[in-house]
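Shown next, in structure tokens, is the structure this report addresses.
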Amino acid sequence: MKHSDRTKVLFMLPALCAGGAERILITLMNNLDRERFEPLFLTLNDKGPVKEWIDPQIPFYSFKNRTIKSSVFKLIAFIREHKPDVIFTTMVHCNGLALLMKIFFPHIRVIVREAALPSVIIKEYGLKGRLCYLIYKFLYPKADIVISNCSQVIAEFENKIKIPIRNHQILFNPVDTQRIYQTLPDTLESFEGRETTAYFVCVGRLSYEKGYDRLIEALATTPPEEPWRLDFIGEGDFRSTLEALIDQHNLNDHVFLRGYHSNPWQIATQADCLLLPSRWEGMPNVVLEGFACGVPAIAMREAGGIVDIGKHAKSEYLCIVDTMDDFLKSMGKIAIKPKAQKAESLLPSCFLLPHIIQQLDLLLTETSSR
């Protein structure tokens with residue numbers, strides 16, 4: 001296949017932040033079939049730690065600290081120069097910018113990916129949230145495809161934003177099990193007393209929506225009967241709140257804030273169970289990555305895409321509950337199983353990277369042929 005026959009796909013992010021949406025877009029881009037597609041990568045702002053995630057063979061461009069508003073004419077010039085066939089974006093404000101390009105380049109196909117619950121974006125971000133509502137309402141219907149990572153997101157577009165969903169499709173978040181597995185040590189080290197201690201982990205940003213505070217409050221009232229330990233792996237603005245709760249309830253011997261780790265699974269793979277007490281989520285990548293490391297999970301039903309995961313995961317690997325009381329009861333049923341070596345993956349095949357890339361290939365092919 002000649003170079004000129006390849007579909008040129010411009011992948012675009014607002015910045016290089018170490019978030020789930022950024023990781024998913026870069027993973028999709030890195031794994032495209034280069035015989036059929038020619039990926040380009042553009043960021044509006046080059047601040048952030050994730051440039052190292054990008055395949056060095058993919059051309060990288062940046063507008064250098066430009067805002068969405070100041071990027072409009074710069075992006076028009078970029079498109080004229082590089083002539084992409086398809087634009088693929090994620091993050092609602094960046095999606096809006098890409099969809100505006102259809103005014104100037106009606107032949108370009110635009111695929112936007114929505115990574116969060118629209119209702120949460122609108123509610124939590126004040127004036128910016130109201131702007132996002134306008135993007136959802138008036139620009140998303142103009143997209144060639146709107147990709148959502150779970151059925152709950154599409155349901156919100158239909159029932160809360162009240163826009164037609166004929167151009168909406170689900171594409172689950174891919175999990176690169178090989179990449180994750182290769183980063184794990186062959187021999188796992190653990191803490192003293194592990195053989196008789198139920199070991200739980202929470203992995204993710206320390207923030208209100210993750211529900212870590214209500215988990216700590218519940219554990220203070222009704223802790224597991226067996227010896228137990230809970231590690232929070234992540235960092236965020238909610239750290240001081242969690243520290244205060246741990247001190248208030250005298251849980252310093254049980255609950256530990258481990259901070260940010262570039263590879264949290266080197267620690268978390270040793271756990272008996274992953275905990276997801278979130279108040280809301282999109283698609284919880286942490287559960288999928290935990291499955292890849294052989295770690296089962298307990299999750300609140302409020303955690304968005306966890307319901308979709310539950311449709312495919314075996315019940316013995318994923319427990320979805322409706323109340324914190326049931327959450328604690330499920331924790332009490334977890335068997336203590338210390339690991340000396342890597343565990344086998346529990347991940348359902350529909351979330352595997354090759355399967356998702358095959359689906360993306362079809363979406364891009366369908367879009368570029370219109």
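The distance from the alpha carbon centre of region 33-61 to that of region 176-245 is 33 Å, rounded to a whole number. Per residue, the accessible area of the chain comes to 47 Å² when a 1.4 Å probe rolls over the protein heavy atoms.
For region 1-78, with all protein chains present and a 1.4 Å probe, just round the carbon and sulfur fraction of the accessible area to a whole percent. Intermediate results must be reported in sequence, preceding the final value.
Numbers: 1950 of 3820 Å².
Carbon with sulfur: 51 percent of the solvent-accessible area.
Out of every Cα-Cα pair in region 254-293, what percent are more than 11 Å apart? Above the 11 Å cut-off, region 254-293 has 72 percent of its Cα pairs.
Within the shell of other residues whose beta carbon sits under 14 angstrom from the beta carbon of Leu32, the net charge comes to -3, with Lys and Arg scored +1 and Asp and Glu -1. When nucleic acids and ligands are ignored and a 1.4 Å probe is applied, Thr27 ends up with an accessible area of around 30 Å². Potential lengthening of the chain between Phe60 and Ser349 amounts to 100.9 nm, from the contour at 0.36 nm per residue minus the alpha-carbon distance.
Candidates Gly234, Pro264, Pro224 compared by Cα position along the dipole of region 209-264: farthest toward the positive end lies Pro264, with charges placed on Cβ. Label reach from Gln248 (point 7 Å along Cα→C-beta): in region 193-215, amide nitrogens under 14 Å belong to 212-215. Of all the options Gly290, Gly310, Gly193, the one that moves most in a Gaussian network model of the chain with Cα springs shorter than 10 angstrom is Gly193. Pair-distance distribution of region 96-194: all C-alpha pairs, bin width 5 Å, starting at 0; shares per bin in whole percent are 2, 11, 18, 18, 13, 9, 6, 7, 6, 5, 3, 1, 0. Asp247 sits with roughly 90 Å² accessible to a 1.4 Å probe, with DNA, RNA and ligands left out of the calculation. Per residue, the convex hull spanned by the Cα atoms of the chain measures out at 138 cubic angstrom. With all pairs of separate Cα atoms included, region 153-281 yields a Kirkwood hydrodynamic radius of 17.0 Å. For Asp46, the accessible surface of its heavy atoms amounts to roughly 50 Å² (probe 1.4 Å, protein chains only, rounded to the nearest 10).
Placing a label point 7 Å from the Cα of Lys333 along the Cα-to-Cβ line, the residues of region 279-320 whose backbone N sits under 11 Å from it are 315-320. Between Pro296, Pro185, Pro277, the residue with the greatest mean-square fluctuation in the GNM of the chain (Cα pairs under 10 Å linked by springs) is Pro185. Specify the residue with the greatest mean-square fluctuation among Ile180, Ile103, Ile267, computed from a Gaussian network of the chain linking alpha-carbon atoms under 10 Å apart. Evaluated over the chain, the most mobile residue of the options is Ile103. For Lys74 and Asn167, the FRET efficiency from 1/(1 + (r/R0)^6), where r spans their Cβ atoms and R0 equals 35 Å, is about 0.80.
Multiplying the residue separation of Lys311 and Phe105 by 0.36 nm and subtracting their alpha-carbon distance yields 70.1 nm.
Here is the P(r) of region 2-47: all C-alpha pair distances, binned every 5 Å from 0, give 6, 21, 28, 21, 13, 9, 3, 0 in whole percents.
Counting charges near Gln270 (Lys, Arg +1; Asp, Glu -1) among other residues having Cβ under 14 Å from its Cβ returns a value of 0. Share of region 84-159's accessible area from carbon and sulfur, percent, 1.4 Å? For region 84-159, the apolar C and S fraction of the accessible surface comes to 64 percent.
For Arg205 and Glu158, the difference between the fully extended length at 0.36 nm per residue and the C-alpha to C-alpha distance is 14.0 nm.
Please figure out what share of the DSSP beta bridges in the chain is antiparallel and state it in percent, rounded to the nearest 5. So the antiparallel bridges amount to about 5 percent of the total.
Carbon and sulfur: what percent of region 208-365's accessible surface (1.4 Å probe)?
48
The values are calculated or read from the model by the stated rules, or taken from the named source; none is laboratory data. What you see is a predicted model; the values in this text were computed from it and never measured. Please note: Cβ atoms are built from the backbone with ideal geometry, for glycine as well, and neighbour counts cover all protein chains shown. Keep in mind that these areas ignore ligands, DNA and RNA; they rest on the heavy atoms of the full protein, side chains included. Shrake-Rupley method; radii C 1.70, N 1.55, O 1.52, S 1.80 Å.
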